[in-house]
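Notes to accompany the following structure.
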Amino acid sequence: MRTREERHFQIFAHIVMIILSALAVVPFVLLVISSFTDNDTLIANGYSFTPEKWSVYAYEYIFKTGNSVLHAYGISIILTIVGTVIALSITTMLAYALSKPGLPGRSVLLFLVFFTLLFNGGLVPTYMVYSITLGIKNTFWALLIPGLLMNGFNVLLMKSYFCSSIPNEILDAAYIDGASEFKTFLSVVLPLSKPIVATIGLFAGIAYWNDWMNGYIYLTKRTDLYSVQNLLNRMMQNIQYLSQNSAHIQDAGIGLASIPSVSVRMAMATVGVLPILVTYPFIQGNFVKGITLGGVKG
């Protein structure tokens with residue numbers, strides 16, 4: 001039987017969580033509604049949950065460029081799947097090795113992983129390494145490799161999970177049964193690590209899906225390799241250019257009234273974030289558990 005104070009605390013906690021949830025959800029609702037609002041109405045009245053005039057012209061403007069948006073979606077999907085699988089493979093194996101106290105040079109490797117969280121070589125040296133030394137400029141590898149394949153934070157998070165949540169007794173039993181280190185990793189450790197694997201997978205997937213910097217820097221000639229973020233960013237730059245040079249363009253006989261400069265921003269954001277919103281509910285439970293257990297010092 002709960003006491004009166006406990007019931008009051010539960011009511012208060014529910015109210016706080018409802019408010020926080022609303023603060024997280026309401027902006028997305030406004031974003032979607034604004035993307036379906038007429039551009040002139042947005043300019044005249046601003047953003048509203050009950051617009052005077054609805055319109056889907058912003059989405060028509062985005063998708064009317066043939067199959068470029070669908071092609072960019074395909075590039076983003078392939079990039080996210082391939083990048084997430086490779087990133088998970090590298091992260092889990094490195095983190096598992098670092099979780100072993102008897103690993104030769106373990107302290108040095110841990111320092112190197114932690115060092116990457118504090119310092120990096122800078123944009124210019126990084127660009128020279130990937131463009132000149134590795135020669136991946138204007139290739140699919142330029143979207144996959146630079147800065148995204150492995151993250152030191154993810155490695156340390158997963159290493160902490162292995163140290164705190166995988167009992168040594170289970171590993172010892174596997175060794176006694178004759179399992180090799182790799183067999184133990186695949187058959188024992190990974191099945192017990194679904195929460196942290198889902199968490200790191202979500203981190204890596206979001207990073208690949210939202211990344212536009214690699215395409216902006218390394219894809220100077222291959223627009224056919226644009227991800228959806230790069231394509232939407234290019235559209236936004238074109239709209240901004242047309243708006244800033246409207247006087248010269250109108251003098252040339254080209255009208256700008258048909259360009260939904262405000263509503264198209266909302267539509268672009270909706271198109272970009274929609275897959276993440278659809279995917280997240282399916283892995284939410286493992287995500288919360290993985291963050292909670294992986295954050296324990298080990």
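The values are calculated or read from the model by the stated rules, or taken from the named source; none is laboratory data. Predicted model, so just to flag it, every value in this text is computed and none were measured. Note that each Cβ is placed from the backbone with ideal geometry, even for glycine, and that neighbours are counted across all protein chains shown. In case anyone asks, the SASA skips ligands and DNA or RNA and just uses the protein heavy atoms, side chains included. Shrake-Rupley method; radii C 1.70, N 1.55, O 1.52, S 1.80 Å.
What tally of residues in segment 189-200 results from selecting those that are touching a residue at least 60 places away in the same chain (Cβ under 8 Å) and over 17 Å from the mean Cα position of the chain (by Cα)?
Within segment 189-200, residues that are touching a residue at least 60 places away in the same chain (Cβ under 8 Å) and over 17 Å from the mean Cα position of the chain (by Cα) number 5.
Yes/no matrix, rows are residues, columns are (1) under 26 Å from Tyr47 (Cβ atoms); (2) at pLDDT 65 or above; (3) surrounded by fewer than 14 Cβ atoms within 10 Å (Cβ to Cβ):
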{"residue": "Tyr226", "(1), (2), (3)": "no, yes, no"}
{"residue": "Leu232", "(1), (2), (3)": "yes, yes, no"}
{"residue": "Met235", "(1), (2), (3)": "yes, yes, no"}
{"residue": "Asn238", "(1), (2), (3)": "yes, yes, yes"}
{"residue": "Leu242", "(1), (2), (3)": "yes, yes, no"}
{"residue": "Gln250", "(1), (2), (3)": "no, no, yes"}
{"residue": "Gly255", "(1), (2), (3)": "yes, no, yes"}
{"residue": "Val264", "(1), (2), (3)": "yes, yes, no"}
{"residue": "Ala269", "(1), (2), (3)": "yes, yes, no"}
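Met93 versus (1) of a type outside the set (Ser, Thr, Tyr); (2) assigned to a loop (DSSP other than H, G, I, E, B); (3) open to solvent by 50 Å² or more (accessible area, probe 1.4 Å); (4) modelled with pLDDT of 85 or more: which is the lone unmet condition?
Of everything listed in (1) of a type outside the set (Ser, Thr, Tyr); (2) assigned to a loop (DSSP other than H, G, I, E, B); (3) open to solvent by 50 Å² or more (accessible area, probe 1.4 Å); (4) modelled with pLDDT of 85 or more, Met93 misses just condition (2).
Right, Ala179: more than 14 Å from Thr92 (Cβ to Cβ) and at pLDDT below 85 or not?
Numbers: more than 14 Å from Thr92 (Cβ to Cβ): yes; at pLDDT below 85: yes.
Yes: the conditions hold for Ala179.
Determine, yes or no, whether Leu192 is part of a helix (DSSP H, G or I) and in contact with a helix residue (DSSP H, G or I) (Cβ under 6 Å, 6 or more places away or on another chain). Break it down stepwise before answering.
Working: part of a helix (DSSP H, G or I): yes; in contact with a helix residue (DSSP H, G or I) (Cβ under 6 Å, 6 or more places away or on another chain): no.
Answer is no for this residue.
Which one of Leu79, Leu42, Leu30 is touching a residue at least 60 places away in the same chain (Cβ under 8 Å) and closer than 18 Å to Ala269 by Cβ? Let's see the steps before the verdict.
Working: Leu79 fails: closer than 18 Å to Ala269 by Cβ; Leu30 fails: touching a residue at least 60 places away in the same chain (Cβ under 8 Å).
Sole residue among the options that is touching a residue at least 60 places away in the same chain (Cβ under 8 Å) and closer than 18 Å to Ala269 by Cβ: Leu42.
Quick test for you: out of Phe203, Phe153, pick the one residue that is surrounded by fewer than 18 Cβ atoms within 10 Å (Cβ to Cβ), under 30 Å from Met268 (Cβ atoms), within 22 Å of the chain's Cα centre (by Cα) and touching a residue at least 12 places away in the same chain (Cβ under 8 Å). Steps first, answer last, please.
On the way: Phe203 fails: surrounded by fewer than 18 Cβ atoms within 10 Å (Cβ to Cβ).
Result: Phe153 is the single residue among Phe203, Phe153 that is surrounded by fewer than 18 Cβ atoms within 10 Å (Cβ to Cβ), under 30 Å from Met268 (Cβ atoms), within 22 Å of the chain's Cα centre (by Cα) and touching a residue at least 12 places away in the same chain (Cβ under 8 Å).
I want to confirm something. Restricting to segment 174-188 and keeping residues that are within 36 Å of the chain's Cα centre (by Cα) and among the aromatic types (Phe, Trp, Tyr), which single residue is surrounded by the fewest Cβ atoms within 10 Å (Cβ to Cβ)?
Only one residue tops the list, namely Phe182.
Which count do you get for residues in segment 206-224 that are within 14 Å of Gly83 (Cα to Cα) and either β-branched (Val, Ile, Thr) or exposed (fewer than 14 other Cβ atoms within 10 Å of the Cβ) (or both)?
The total comes to 1.
Examine segment 135-142 for a residue that is within 19 Å of the chain's Cα centre (by Cα), surrounded by 14 or more Cβ atoms within 10 Å (Cβ to Cβ) and free of Cβ contacts under 8 Å to residues at least 40 places away in the same chain, and state whether such a residue exists.
Scanning segment 135-142 turns up at least one residue that is within 19 Å of the chain's Cα centre (by Cα), surrounded by 14 or more Cβ atoms within 10 Å (Cβ to Cβ) and free of Cβ contacts under 8 Å to residues at least 40 places away in the same chain.
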